[in-house]
Amino acid sequence: MEKLYIIVQFIIILVIIIVFLLFLRIFNSISKEKRIANFSIIALSDKPVSFIEKLQNLYYLVIKTISKSISKSKVWTNYSKKYEKFVVIDDVHKSTSMDFISKKILYTILAVLLSIISNILKFKMFSFFQIFISFLFGFFILDVFLKIREKKEEKRIEQDFLKAIIIMNNAFKSGRSIMQAVELVSTELEGPISNEFKKMLIDLTYGLELEVVFDRFASRVKLEEVKYMASSLVILNETGGKITKIFSSIERSFIERKRIKDEMNSTLALSNFVFKVLVTIPFIIFILIYFMDPTYFIPLVKEPLGNLILVLIIIIYIIYILLVKKIVKIREW
């Protein structure tokens with residue numbers, strides 16, 4: 001077993017050395033190319049590709065290859081549907097929802113390999129638990145970043161949605177249709193709101209019903225204002241009526257709603273700040289005590305009574321956070 005372990009370790013170190021030499025060779029060739037470029041004639045149509053762009057193209061080539069191989073599986077296809085909301089229409093690499101699954105698979109493989117290589121270089125045997133943790137980390141790390149990105153995009157959409165309503169209202173006043181108004185918003189605005197309206201425009205172009213298009217938009221964005229606008233347009237499309245009058249009313253109500261929300265946020269800003277301070281104070285006290293006396297909290301970990309007290313402290317702290325958060329939410333509502 002030890003001989004096999006040494007052989008595997010030697011092979012991995014050899015592979016790392018070979019990869020390092022290949023990268024060294026690429027950097028050397030790039031530096032020579034830059035030196036020779038000053039004395040050579042380059043065609044106007046030629047666009048030099050940097051080393052970073054080559055790595056990026058290789059990365060997306062691997063992603064597309066994995067997507068092609070797993071796209072036949074119904075399990076992966078159904079799982080990829082939850083990532084459709086993260087697809088960007090104007091993406092240069094034309095990423096699809098299946099590409100997000102491919103990224104998760106690639107990150108999982110890299111995380112497990114790095115964990116194994118790290119243990120081999122430290123002359124330690126890798127355990128199943130460590131590989132399992134690496135697998136979970138690699139598979140779900142992309143979800144964490146996408147969730148953070150989703151929260152940022154939701155805030156930006158909330159800020160830009162009133163602009164979209166004003167543009168659509170002006171479009172309706174000038175006699176344009178719903179499809180033309182959606183197209184106008186997708187071209188006039190930038191960022192996540194533009195991407196969402198481009199998705200709506202594609203859905204309308206492919207002939208989906210207006211109710212389906214706006215329901216999909218509302219399910220992706222998850223804002224009350226969007227649901228209100230979607231239901232208003234659907235009812236208007238079914239029953240008829242003057243769209244300019246309805247949209248002027250929607251615009252006025254959204255402006256008033258935004259004004260009230262801004263006033264409420266400014267009113268609750270101090271209470272939210274106090275809440276954050278009260279939540280972080282116990283951690284600050286813990287860090288200060290630990291640095292002054294690292295053995296102070298040892299009885300809480302080693303003694304049975306200390307374990308019970310530690311569990312009670314954690315439960316009381318969690319209840320405290322939930323109660324204060326609930327109070328703040330009620331006040332905001």
Inset, instruction - Tabulate in residue order the Karplus-calculated ³J(HN,Hα) for segment 198-212, using 6.51 cos²θ - 1.76 cosθ + 1.60 with θ = phi - 60°, rounded to whole Hz; enter x for Gly and Pro. - result: 5, 5, 5, 5, 5, 4, 5, 5, 7, x, 5, 5, 4, 4, 5
Inset, instruction - In whole Hz, with x marking every Gly and Pro, tabulate ³J(HN,Hα) for segment 253-260 from phi via Karplus 6.51 cos²θ - 1.76 cosθ + 1.60, θ = phi - 60°. - result: 5, 5, 5, 5, 5, 5, 5, 5
Legend entry - With DNA, RNA and ligands ignored, accessible area of ILE260 (1.4 Å probe; Å², nearest 10): 80
Inset, instruction - On the protein heavy atoms, probe 1.4 angstrom, tell me the percent of accessible surface of segment 239-333 carried by carbon and sulfur. - result: 75
Legend entry - log₁₀ of I(q)/I(0) at q = 0.10, 0.15, 0.17, 0.20 Å⁻¹ - segment 50-167, Debye sum with one point per alpha carbon: -0.43, -0.85, -1.00, -1.17
Inset, instruction - Using a 1.4 Å probe over the heavy atoms of the protein chains, calculate the carbon and sulfur portion of the accessible area of segment 56-202 as a whole percent. - result: 66
Inset, instruction - Quick one: compute a quarter of the convex hull surface over the Cα atoms of segment 96-233 and quote it in nm². - result: 10.6
Inset, instruction - State the Cα centre-to-centre distance between segment 125-167 and segment 273-294 in whole Å. - result: 28
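The values are calculated or read from the model by the stated rules, or taken from the named source; none is laboratory data. What you are looking at is a predicted structure, and each value in this text was computed from that prediction instead of being measured. Quick note on the areas: whole protein, heavy atoms, side chains included, nothing else; ligands and nucleic acids left out. Shrake-Rupley method; radii C 1.70, N 1.55, O 1.52, S 1.80 Å.
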